[in-house]
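Presented below is the structure to which this report refers.
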Amino acid sequence: MSVILAIESSCDDTSVAVCNNGKITANVIANQTIHQNYGGVIPELASRVHQQNIVPAVQQALINAQVTKQDIKAVAFTRGPGLLGSLLVGVSFAKSFALALNIPLISVNHMHAHILAHFIDDPKPNFPFICLTVSGGHTQIVLVKDYFDMEIIGETLDDAAGEAFDKTAKLLALPYPGGPLIDKHAQQGNPLAFKFAEPQIADLNFSFSGFKTSILYFIRKQEQENPAFIAENLDDICASVQHSIVQILLNKLKKAAKQYGINEIAIAGGVSANSGLRNGLQQTADELGWKIYIPAFQYCTDNAGMIAIAGYHKYLKQDFVGQDVSPMARMEF
């Protein structure tokens, strides 16, 4: 029995999971609501709340999985990338837990884990496949040749797609986190009501900084003519912005699939929970004959389930690290 405890603390969610022989038997996520008061994640506050949440989260995960500390054979943890203070809490706990029980440690790259979340449930993708990883901090197109043989073939040159959602929400005075609220309003609006230019970026790379600026100028101009513009057109604005971002992402994904001759396509990361992206991917798959893979909602945003499955495949290879391991805010892919 390879029972693995997994810790995820890269940003503002404390998550603990248990993986038993490749099956996720617990996935506890303790959300932090304190950041809503500030319109974004405050790193110092995040690390303090992680300290409060981690022990109860571990205890709950063990209860949910119906295992004890003595059943755990290894501890997997997010080493990076992420907020250094937040990572430090998870890494320190994992090291202490492993040392106390004399069991091995497994270091996991957070971005690898988002992709490997596709191996939690069936159907599982076949190698090689292409994965679009989209979150608040990352936008990448990755060629996945094996569990830990991955190559970034396209990425953002500046801001991530998730940031474009969040910054737009801020312009519209929507509370943090704004991305899911844009999705909610978009479902009631007309995606073709307003048109925003698609950035012309070479190869398979992305850029969202100019796109965000164009939305800012658009809203300013409209509000000068009609101060109630946002209130009167909120659903249509959200739908149009979401449609534009999704089209930017899918156009690059189509280009990548054609360039590499691959029709096994996956999406991962927090923005993969977006209904517009999910629906757009399904429509594109129907048109082009793609076989697509979309993770369950609980495995889209930051969670320890994905750390656990990555840890499980490293455990099979006996790929362990020592007690001298330290967190990395920036980490090589």
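Taking a ≥ b ≥ c as the square roots of the Cα gyration tensor eigenvalues, with a/c under 1.5 meaning rounded and otherwise prolate when a/b beats b/c, else oblate, which class fits region 254-315?
oblate
What whole-number distance in Å separates the alpha-carbon centres of region 124-164 and region 73-101?
24
Do you know the relative contact order of the chain, to the nearest whole percent, from alpha carbon pairs under 8 angstrom that are 6+ apart? Please list the in-between numbers first.
Working: 699 pairs, mean separation 84.2, N = 333.
About 25 percent, as a whole number.
Starting from the Cα of residue 145, draw a straight line to each of the lysines and keep only those under 24 Å, dropping any in the same chain fewer than 8 residues away.
23, 124, 252, 254, 255, 258, 291, 314, 317
In region 23-116, with Lys and Arg counted as +1 and Asp and Glu as -1 at Cβ, which of these residues, 46, 36, 82, has the Cα nearest the positive end of the dipole, that is, farthest along it?
Sorting the options by dipole projection puts first 82.
Does region 184-238 come out rounded, prolate or oblate, given a ≥ b ≥ c as the square roots of the eigenvalues of its C-alpha gyration tensor, rounded meaning a/c under 1.5 and, failing that, prolate meaning a/b above b/c?
oblate
Would you kindly derive the ³J(HN,Hα) couplings of region 105-110 from the backbone phi angles with the Karplus curve 6.51 cos²θ - 1.76 cosθ + 1.60 (θ = phi - 60°), listing them in order in whole Hz, with x for Gly and Pro?
10, 10, 8, 10, 7, 3
So if R0 is 51 Å, what FRET efficiency would residue 48 and residue 258 give, r being the distance between their Cβ atoms, rounded to the nearest 0.05?
The calculated FRET efficiency here is 0.60.
Expressed as a whole percentage, what fraction of the accessible surface of the chain belongs to carbon and sulfur atoms when a 1.4 Å probe is rolled over the protein heavy atoms?
Numbers: 7330 of 14720 Å².
Carbon and sulfur together cover 50 percent of it.
With contacts defined as alpha carbon pairs under 8 Å and 6 or more residues apart, what's the relative contact order of region 180-324 in percent?
Dividing the mean separation by the residue count of region 180-324 yields 25 percent.
Under a Cβ-only charge scheme (Lys and Arg +1, Asp and Glu -1), can you give me the dipole magnitude of region 17-129 about the Cα centre, in debye to the nearest 20?
200
Taking the convex hull of the alpha carbon atoms in the chain, what volume per residue do you get, in Å³?
Measuring per residue, one finds 127 Å³ for the Cα hull of the chain.
Summing +1 for each Lys or Arg and -1 for each Asp or Glu, what net charge is found among the other residues whose Cβ lies under 11 Å from the Cβ of residue 271? Provide the component values of the computation, followed by the final result.
Details: positive: 278; negative: 163, 166, 183.
Summing Lys and Arg as +1 and Asp and Glu as -1 gives -2.
Could you give the dipole magnitude of the chain about its Cα centre, charging the beta-carbon of Lys and Arg +1 and that of Asp and Glu -1, in debye to the nearest 20?
That gives a dipole near 440 debye.
Taking every DSSP beta bridge that has both residues in the chain, what percent is antiparallel when rounded to the nearest 5?
Roughly 60 percent of the beta bridges in the chain run antiparallel, per DSSP.
Test of understanding: in a Gaussian network model of the chain with alpha carbons linked when under 10 Å, which of 267, 294, 103 would top the mean-square fluctuation ranking?
Answer for the Gaussian network model of the chain: 103.
Rounded, prolate or oblate for region 96-173? Axes are the square roots of the Cα gyration tensor eigenvalues, ordered a ≥ b ≥ c, and the cut-off for rounded is a/c under 1.5.
It comes out oblate by the Cα gyration axes.
Quickly work out the residue 170-to-residue 188 label distance, labels modelled 7 Å from Cα along the C-beta direction, and quote it in nm with one decimal.
Each label point is offset 7 Å from its Cα along the Cβ direction, giving 2.5 nm.
Treating the beta-carbon of each Lys and Arg as +1 and of each Asp and Glu as -1, no other charges, what is the dipole magnitude of region 85-194 about its Cα centre, to the nearest 20 debye? List each step's numbers first, then the result.
On the way: 6 positive and 11 negative charges, 64 e Å.
Here region 85-194 has a charge dipole of around 300 debye.
Accessible area of residue 11, 1.4 Å probe, to the nearest 10 Å²?
About 40 Å², ignoring ligands and nucleic acids.
Accessible area per residue for region 224-315 in Å², computed with a 1.4 Å probe and the full protein assembly in place, what is it?
39
Projected onto the charge dipole of region 124-210 (+1 at Lys/Arg Cβ, -1 at Asp/Glu Cβ, origin at the Cα centre), which of 196, 185, 128 gives the Cα projection farthest towards the positive end?
My answer, from the dipole projection, is 185.
If the label point is 7 Å along Cα→Cβ of residue 151, which residues in region 256-272 have backbone nitrogen under 15 Å from it?
256-262
Please give me the summed charge of the neighbours of residue 247: other residues whose Cβ is under 12 Å from its Cβ, Lys and Arg +1, Asp and Glu -1.
+2
For residue 275 and residue 231, FRET efficiency with R0 = 25 Å and r from the beta-carbon atoms, rounded to 0.05?
E(calc), rounded to 0.05, equals 0.60.
The values are calculated or read from the model by the stated rules, or taken from the named source; none is laboratory data. Model, not experiment: these values are computed from the prediction. A quick note on method: Cβ atoms are made from the backbone with ideal geometry, for glycine too, and the neighbour counts reach across all protein chains shown. SASA here: full protein model, heavy atoms, side chains in, ligands and nucleic acids out. Shrake-Rupley method; radii C 1.70, N 1.55, O 1.52, S 1.80 Å.
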